[in-house]
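Notes follow the structure.
What follows draws every value from the coordinates through simple rules; no lab data is involved. Keep in mind that this is a model prediction, so the values were computed, not measured. A quick note on method: Cβ atoms are made from the backbone with ideal geometry, for glycine too, and the neighbour counts reach across all protein chains shown.
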Amino acid sequence: MFSGHVEKKSYICKSKTQNNHRMYEYIKISQTGAVATFTISAPKSLNALNSTILRELDDALSHIAPDVRVLILTGDGEKSFVAGADISEMAGLNEADGFAFGKRGADVFRRIETLPIPVIAAVNGFALGGGCELAMACDIRLCSNNAKFGQPEVGLGIIPGFSGTYRLAKLVGMGMAKQLIYTGRAIRADEALRIGLVNAVYEPTELLPAAMQMAESICANAPLAVAYAKECINAEYDLPADEAIAYENRMFGRCFATQDQKNGMQAFLTKGKPQFQGK
Ligand code: CO8
């Protein structure tokens, strides 16, 4: 439980297949209080996503410590968040392999999108192709003023294959998504902000502190209510109005079965500070 106590620790995830502890090769994990940070680290390829990174990310998502309430995703270094899927790995793929590689990425990104805790992308430089798609799978995107976003895939003879054709249109509208995908043009942070692709832009040194500050402000709220809100927003987006409103109504009712609702409202009425327990 997050209690305001700030403790910095690195934790090691447990392998699913072996009963021993291990570190990841490409993902650095740290935890401060109830906020975990995953840093993708493949500096030789500007953090491009290969199969191993996707597998490690999937494994790390499966082993998030139970006291974590917000996840921050970022890239190692000041130059790149993720410069796309690894082109050297994709170059020799046939149709079946291409399908499998695309599905692996799409499945991991969908796990991020449906994780029961909020995920903040701290985009510290290039977010191209699969990097932009990874950021779009997160709940909130913050970026540095040197960030560059784009879907350059058609220039490589492929399409955005980690759900970019789906999510970009939802975030920035169909017309802008088509323009960005057909031209493959990269856009800077200010344009990404203007079209609604990112929530806010920071100086590079301010990016992670800002992400941490936002994460901590989320952690101060009732964890189940935050999780229910995420579930509602995700689920309702694709539903017809009446079904979406009914979905929210059900989840709203469910909040009153939680201890956090009792504690939150009691604290308000007695002018105290709520102690949320996530149940
Ligand atoms: N894959 C593999 N290696 C990469 C990638 C990448 N996506 N991006 C950069 N690198 C490597 C470079 O090859 C280079 O390696 P080396 O030093 O061995 O030559 C190293 O990183 C540094 O890169 P640069 O020297 O090019 O650095 P610059 O600062 O000059 O340029 C750029 C930076 C603009 C980011 C440039 O590297 C670039 O254009 N990269 C490719 C960007 C791109 O096209 N990304 C999209 C890839 S496709 C994709 O993501 C599809 C997702 C869906 C997959 C679906 C599967 C079926």
Mind telling me which of Ala215, Ala121, Ala227 comes out most flexible in a GNM of the chain, alpha-carbon contacts under 10 Å?
Ala227
Counting only DSSP beta bridges fully inside the chain, the antiparallel percentage to nearest 5 is 30
How large is the charge dipole for the chain, taken about the Cα centre, if only the Cβ atoms of Lys, Arg (+1) and Asp, Glu (-1) carry charge, to the nearest 20 debye?
540
Round to a whole angstrom and tell me the spacing of the C-alpha centers of the range 22-42 and the range 197-274.
24
What residue among Phe126, Gly164, Gln179 has its Cα farthest toward the positive end of the dipole of the range 115-181, where the charges are +1 on Lys, Arg and -1 on Asp, Glu, each on the Cβ?
Gln179
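Shape verdict for the chain, please, from the Cα gyration tensor: rounded (a/c under 1.5), prolate (a/b greater than b/c) or oblate. Numbers along the way, then the final one.
Working: a/c = 1.69, a/b = 1.41, b/c = 1.20.
Because a/c hits 1.5 or more and a/b exceeds b/c, the chain counts as prolate.
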Can you compute the helix-only [θ] at 222 nm over the chain? Use -39500 (n - 2.57) per DSSP H run of at least 4 residues, normalise by all residues, nearest 500 deg cm²/dmol.
-13500 deg cm²/dmol
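Filter the chymotrypsin sites (Phe, Trp or Tyr not before Pro) in the range 218-279 to those in DSSP coil with at most 15 other Cβ atoms within 10 Å of their Cβ, and list the result. Intermediate results must be reported in sequence, preceding the final value.
Working: sites: Tyr228, Tyr237, Tyr247, Phe252, Phe256, Phe268, Phe276; in loops: Tyr237, Phe256, Phe276.
Here the chymotrypsin sites (Phe, Trp or Tyr not before Pro) that fit, given the DSSP loop and packing criteria, are Tyr237, Phe256.
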Quick one: putting +1 on the C-beta of Lys and Arg, -1 on the C-beta of Asp and Glu, what dipole do you get for the range 24-139 around its Cα centre, in Debye to the nearest 20?
180
Anything over 32 Å Cα to Cα? Flag those among Lys170/Lys271; Lys28/Lys271; Lys28/Lys170; Lys44/Lys103, in the order listed.
Lys170/Lys271; Lys28/Lys271
So, with points 7 Å from each Cα along the Cβ direction, the Gln266-Thr183 label distance in nm works out to 5.8
Using a simple charge model, +1 on the beta-carbon of Lys and Arg, -1 on the beta-carbon of Asp and Glu, nothing else, what dipole does the range 81-151 show about its Cα centre, in debye to the nearest 20?
220
Excluding residues fewer than 8 positions from Lys279 in its own chain, the aspartates and glutamates with Cα under 17 Å of it are Asp67, Glu231, Asp260
Along the charge dipole of the chain, pointing to its positive end and built from +1/-1 on Cβ of Lys, Arg, Asp and Glu, which listed residue (Leu71, Ala100, Ile87) has its Cα farthest out?
Leu71
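Going by a ≥ b ≥ c, the root eigenvalues of the Cα gyration tensor, does the range 117-160 fall in the rounded group (a/c under 1.5), the prolate group (a/b larger than b/c) or the oblate group?
Working: a/c = 4.32, a/b = 1.58, b/c = 2.74.
Oblate, since a/c reaches 1.5 and b/c is not below a/b.
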Taking the dipole of the chain about the Cα centre (Lys, Arg +1; Asp, Glu -1; charges at Cβ), the one of Gln261, Ala200, Ala135 that reaches farthest to the positive side is Gln261
For a test of the definition: using alpha carbon positions, the gyration tensor, and the 1.5 limit on a/c, classify the range 49-161 as rounded, prolate or oblate.
oblate
